[in-house]
Amino acid sequence: MTDERQSGLGAPLATVQVKTPISIVVPTYRERENLPELVARLTALKRTAAPDMEVLIMDDDSQDGSAEWVQNEAPPWVRLVTRTSQRGLGPAVVDGLELAQHPVVVVMDADLSHPPEKIPHLLLALEAGQDFALGSRYVRGGSTDDDWGIFRWLNSRIATALAWPLTQARDPMSGFFALRKADLRGAHNLNPIGYKIGLELIVKCGLDNVGEVPIHFADRRLGQSKLTLAEQLKYLVHLKRLYMFKYAGLTRFVQFGLIGASGVVVNLAVLTACLAVGFPDTPALAAGIVVSVITNFLLNRRFTFSYARGGDMGKQFVGFALASAIGGAIQLAVSAGVLRSQPTMPPQVAALFGVAAGFLFNFAANRFVVFKERHPARRRR
Ligand code: GDD
Ligand code: MN
């Protein structure tokens, strides 16, 4: 039996031997206080279980004595890489993955939240045929320190749930993982913003077979976390990009629908405002329609079809308005046609058929004619 709470040291190390040479990538920013224990624990691991190991400390020029410590105190297989441009956790990891010399790469934090003693177990998962091995808090046997407040817990769970359409792994937010260097060649322009570099790799390298190894995630004892609210908001932008990457068509379709729904709200709001200031009914209705067509156009041009932002806006608007008009006519024709062929059907149901047909036409006309893609993005392999 192993007790995860003994910082992983309780795991039976000697039983798991790592034969593959491994590169360990550790992004750091101001982690001087944590480096000695980290390197000591990695040294123990190298001695007992993983002889062929290099460590890359990817430091964003911390200026806190980290560089001096590595130069003077660390063993030669620990390399410090000082980064001065394109700073940030994601880019530091991507650089480390490129510099790694060995066929298997492990990424982990410097603050000892991730137990180095679990690295052999990550390797076992790869040897068992998985494409990606995650150190996971949320599988059986995994845990976090007890003093996580309800908000931190909720935050982590919601973030994980939002990633579910991308991967069914239980803890894709984890920054502790291993993968084969060869799989990185299949990656389409890695562009991690924020903290979720593991998720980025799973999606962009198309690694569906994710194995999870339970870990105890210990809270950092020394130094400070750099996970700010701004970083967390970036996660939403990152998610949208990954959804786009994996489900470009569907994401666009849903977005077009959501913007259409927002148009209904705009329409009703403008109508209400116009009536309140004394407009007669017909001009007020017209104003609602005109304003909502304009907001729909602007939102779709900016978000749904953002690749066409450079195009001629006037022409695009005319196309968009025309598509809306034709879509409206199709809506009417389809509802009327359905009602005529099924006289017993409630008109409301027939109207919904019309809405669906008009919507499909509208989407297709905008996607493939009005906002035509000149250089279609390369698809996943
Ligand atoms: N090079 C570099 N540049 N390293 C950075 C930067 C940066 O701008 N920001 C943070 N790091 C390093 C830290 O020094 C640490 O080694 C690691 O990245 C994680 O940073 P923390 O500040 O400790 O993040 P955290 O504990 O809040 O987040 C961790 O847990 C999350 C899950 O709860 C990370 O592992 C996340 O990836 C993970 O999602
Ligand atoms: Mn941390």
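Just so you know, in segment 258-269 the residues that are closer than 23 Å to Y307 by Cβ and free of Cβ contacts under 8 Å to residues at least 24 places away in the same chain include one that is most open to solvent (accessible area, probe 1.4 Å), and it is L258. In this entry, L222 is excluded by the filter for residues that are in contact with an Asp or Glu (Cβ under 7 Å, 6 or more places away or on another chain), in a loop (DSSP other than H, G, I, E, B) and away from ligand 2 (no atom under 16 Å from the Cβ). One residue stands out in segment 124-151 among those that are more than 14 Å from I215 (Cβ to Cβ) and within 16 Å of ligand 1 (Cβ to nearest atom): the one that is most open to solvent (accessible area, probe 1.4 Å), namely F151.
Among the residues of this structure, H238 does not count as one that is in contact with a strand residue (DSSP E or B) (Cβ under 6 Å, 6 or more places away or on another chain) and in the same structural domain as L35 (by TED's automatic domain parsing). Taking segment 270-372 and the helices (runs of 4 or more DSSP H) fully enclosed by it, the elements with 2 or more residues that are touching a Cys at 6+ places or on another chain (Cβ under 6 Å), among the small types (G, A, S) and open to solvent by less than 40 Å² (accessible area, probe 1.4 Å) are at 281-299. Restricting attention to segment 154-166, does a residue exist that is under 21 Å from V26 (Cβ atoms) and open to solvent by less than 10 Å² (accessible area, probe 1.4 Å)? Looking for residues that are under 21 Å from V26 (Cβ atoms) and open to solvent by less than 10 Å² (accessible area, probe 1.4 Å), one finds none in segment 154-166, hence no.
Table: residues versus (1) within 13 Å of ligand 1 (Cβ to nearest atom); (2) among the hydrophobic types (A, V, I, L, M, F, W, C).
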| residue | (1), (2) |
| --- | --- |
| Q71 | no, no |
| V81 | yes, yes |
| V94 | yes, yes |
| V105 | no, yes |
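For segment 181-205, the candidate set comprises residues that are basic (K, R) and surrounded by fewer than 17 Cβ atoms within 10 Å (Cβ to Cβ); within that set, the residue that is modelled with the highest pLDDT is K181.
Scanning segment 235-249 turns up at least one residue that is within 16 Å of ligand 2 (Cβ to nearest atom) and among the hydroxyl-bearing types (S, T, Y). Selection within segment 170-180: residues that are more than 11 Å from ligand 1 (Cβ to nearest atom) and in a strand (DSSP E or B). The member of this set that is surrounded by the most Cβ atoms within 10 Å (Cβ to Cβ) is A178.
Residue count for segment 189-224, restricted to those that are aliphatic (A, V, I, L, M) and within 24 Å of R87 (Cα to Cα): 8.
Under the condition of being within 14 Å of ligand 2 (Cβ to nearest atom) and not in a helix (DSSP H, G or I), which residue from segment 22-42 is farthest from I119 (Cα to Cα)? Going through the qualifying residues, I end up with R30. Of the residues making up segment 182-194, not a single one is closer than 28 Å to R140 by Cβ and near ligand 1 (Cβ under 10 Å from one of its atoms).
Filter segment 232-257 down to the residues that are surrounded by 13 or more Cβ atoms within 10 Å (Cβ to Cβ) and among the aliphatic types (A, V, I, L, M), then identify the one that is farthest from I158 (Cα to Cα). Among those that are surrounded by 13 or more Cβ atoms within 10 Å (Cβ to Cβ) and among the aliphatic types (A, V, I, L, M), it is A248.
The values are calculated or read from the model by the stated rules, or taken from the named source; none is laboratory data. Quick caveat, the model's predicted, so the values are computed rather than measured. In this analysis, Cβ positions are derived from the backbone assuming ideal geometry, glycine residues included, and neighbour counts consider all displayed protein chains. Note: accessible area is taken over every heavy atom of the protein model, side chains too, but ligands, DNA and RNA are not part of it. Shrake-Rupley method; radii C 1.70, N 1.55, O 1.52, S 1.80 Å.
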